[in-house]
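A.B. asks: Provided herewith is a single structure, encoded as C-alpha cells, for subsequent inquiry.
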Amino acid sequence: MTTTLTWYGHAALGLETHGYKVAIDPFLSGNPSASIAPEALEADFILVSHGHSDHIGDSVEIAKRTGAMVVSNFEIAGWFNDKGVAKTHGQQHGGGFTHPFGHLKLTLAFHGSALPDGSNGGNPCGFLITTNDGKKLYFAQDTALFSDMKLIGEAGLDLAVLPIGDNFTMGPDDALQAVKFLQPKAVIPIHYNTWELIAQDADAWAQRVMQETAAKAVVLKPGESYSL
Ligand code: NI
Ligand code: MN
C-alpha cells in the first residue's frame, strides 16, 4: 500500500498511510510558507513533536474540528486535554505504541519544549513510524545532531525527514552527518526558508547528500508530496 508524505512548509507534514491521515506539527496560520489553510487540513491523528508555537500551530483547532486524536509526549497530551481536545494519547521517549496508522515510537531530540502559554511541555521528541506494511519513517523534527541517530538508523529507514535550517536546529553540515548516521534510502529536508533567519539552499544540500551518501535526497516545495 502506498504511503504518501506531503510537506506543508516549515515542519508541517501530512502522512497518508493505510487509509489514515496523520498530520505532523501542523503550524499553518502565521506560517509564511504554509501551502494549506488550517480549515482545509483533514486529519485522523495529529502528532506534535514539542511545545513550541511553530509546531503546536493550529493543532487545537484542527483536533476540535476533525475529531483527530493528538499524540505527543505525556505532558503535551495533557495540555491538549486541558484545551478541550477530546482524544489524546501520551507516550514518552523510547516508548512505542501500535496506533491504527502504524507503530509509533518517540525518539530523542535535543531542543526545548515550553508550551505557548508557558506550561511545561516535557521533552521534545522525534517520531519513528513503522507503517502497517513495514515501511520505516523517521521524523527528526527540531533537534541538534546526536550520534544515537546511528541506533535509529539500525531500524533500516525507508525515509528520514530532517531539519536543515540551522540556528534553532541542525544546519546543513550537521544534517549531512545525520544522513551518514541514519543511512536512510531517501531524505527530505524541512524547517528552512520559513523566515530569513533559517534560509538555506536545499538543492545545494541535496547535491552534497547524493555525492557523499547512498541516500536519495528529495527536495519538495510546500504542497508537494513524496510517495513510497
Ligand atoms: Ni522548536
Ligand atoms: Mn521549530
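All of the numbers you see were taken from the coordinates with simple rules; none came from a lab. All values derive from a computational prediction rather than experimental measurement. Neighbour counts are summed over all protein chains in view; Cβ atoms, including those assigned to glycine, are modelled from backbone coordinates with ideal geometry.
A.B. asks: Find the relative contact order for the chain and round it to a whole percent, using C-alpha pairs within less than 8 Å whose residues are 6+ positions apart.
C.D. replies: On the way: 586 pairs, mean separation 39.7, N = 228.
After rounding, I find 17 percent.
A.B. asks: Also, I was wondering about something else. In the chain, what percentage of the DSSP-assigned beta bridges are antiparallel, given to the nearest 5?
C.D. replies: Numbers: 28 of 48 bridges.
Taking every DSSP beta bridge within the chain, about 60 percent pair in antiparallel fashion.
A.B. asks: Picking from Leu115, Ile152, Gln211, whose Cα lies most toward the positive end of the charge dipole for the chain (charges on Cβ: Lys, Arg +1; Asp, Glu -1)?
C.D. replies: Highest projection toward the positive end goes to Ile152.
A.B. asks: So which lysines can Lys180 reach, going by Cα to Cα under 21 Å and dropping same-chain residues fewer than 8 places off?
C.D. replies: Within the straight-line limit of under 21 Å, Lys180 reaches these lysines: Lys135, Lys136, Lys150, Lys216.
A.B. asks: Let me ask something additional. Plugging the Kirkwood radius over Cα pairs into Stokes-Einstein for the chain, at a temperature of 4 °C and a viscosity of 1.567 mPa s, what D comes out in µm²/s? Working shown, then result.
C.D. replies: Details: Rh = 17.1 Å.
The estimated diffusion coefficient comes to 76 µm²/s.
A.B. asks: Oh, and also: As I understand it, the value is the acute angle between the Cα axis of helix 172-182 and the longest principal axis of the Cα atoms of the chain; what does it come to in degrees, rounded to 10?
C.D. replies: Around 90 degrees separate the two axes.
A.B. asks: Still on this structure, I have one more. Among Asp117, Asp25, Asp54, Asp201, rank each residue by its count of other Cβ atoms within 10 Å, from fewest to most, as a rough exposure measure. Mind dumping the intermediate values first?
C.D. replies: Numbers: Asp117 10, Asp25 27, Asp54 19, Asp201 13.
Least to most surrounded, the residues fall as Asp117, Asp201, Asp54, Asp25.
A.B. asks: Between Asn120 and Arg65, 0.36 nm times their residue separation minus their Cα-Cα distance comes to what? Display every interim value, and only then the final one.
C.D. replies: On the way: separation 55, 0.36 × 55 = 19.80 nm, distance 2.52 nm.
Result: 17.3 nm gained on full extension.
A.B. asks: What are the lysines whose alpha-carbon lies under 21 Å from the alpha-carbon of Lys87, with same-chain residues fewer than 8 places away excluded?
C.D. replies: Cα-Cα hits under 21 Å: Lys21, Lys64, Lys105.
A.B. asks: Still on this structure, please answer the following. Using 1/(1 + (r/R0)^6) with R0 = 45 angstrom and r between the beta carbons of Trp195 and His103, what's the FRET efficiency to the nearest 0.05?
C.D. replies: Numbers: r = 34 Å, r/R0 = 0.76.
E(calc), rounded to 0.05, equals 0.85.
A.B. asks: Still on this structure, please answer the following. Working from the pairwise distances between different alpha carbons, so that the mean of 1/r is found and then inverted, what is region 62-130's Kirkwood radius in Å? Working shown, then result.
C.D. replies: Values: mean 1/r = 0.0799 Å⁻¹.
Radius from the Kirkwood sum: 12.5 Å.
A.B. asks: Taking R0 as 35 Å, what FRET efficiency do you get between Met1 and Ser35 from their Cβ-Cβ distance, rounded to the nearest 0.05? Walk me through the numbers before you get to the answer.
C.D. replies: Details: r = 25 Å, r/R0 = 0.70.
For Met1 and Ser35, the calculated efficiency is 0.90.
A.B. asks: Name the most mobile residue of Pro172, Pro38, Pro184, meaning the one with the largest mean-square fluctuation, in a Gaussian network model of the chain with Cα contacts below 10 Å.
C.D. replies: Of Pro172, Pro38, Pro184, the Gaussian network model singles out Pro38 as fluctuating most.
A.B. asks: Among all stretches of the chain without exposed GluC sites (Glu not before Pro) (DSSP loop, at most 15 other Cβ atoms within 10 Å), which one is longest? It would help to have the intermediate numbers written out before the result.
C.D. replies: Numbers: sites that count: Glu42, Glu154, Glu224.
The reported range is 43-153.
A.B. asks: Right, another one. Can you tell which of Leu104, Leu151, Leu182 shows the greatest fluctuation in a Gaussian network model of the chain with Cα springs below 10 Å?
C.D. replies: Highest fluctuation of the listed residues: Leu151.
A.B. asks: Please report the spacing between the Cα centers of region 53-68 and region 208-227 in Å, no decimals.
C.D. replies: 28
A.B. asks: Right, another one. Taking a virtual spin label 7 Å from the Cα of Phe110 along the C-beta vector, which residues in region 60-75 bring their backbone nitrogen under 17 Å of it?
C.D. replies: Those under the cut-off are none; the list is empty.
A.B. asks: Excluding same-chain residues fewer than 8 positions from Lys185, which aspartates and glutamates have a Cα within less than 20 Å of its Cα?
C.D. replies: By straight Cα distance, Lys185 reaches Glu16, Asp133, Asp148, Glu154, Asp158, Asp173, Asp174, Asp203, Glu212, Glu224.
A.B. asks: Sorting Asp174, Asp142 on the 10 Å Cβ count, fewest up front, what's the list? Kindly include the intermediate steps, with their values, before the conclusion.
C.D. replies: Values: Asp174 17, Asp142 26.
In order of increasing Cβ crowding within 10 Å: Asp174, Asp142.
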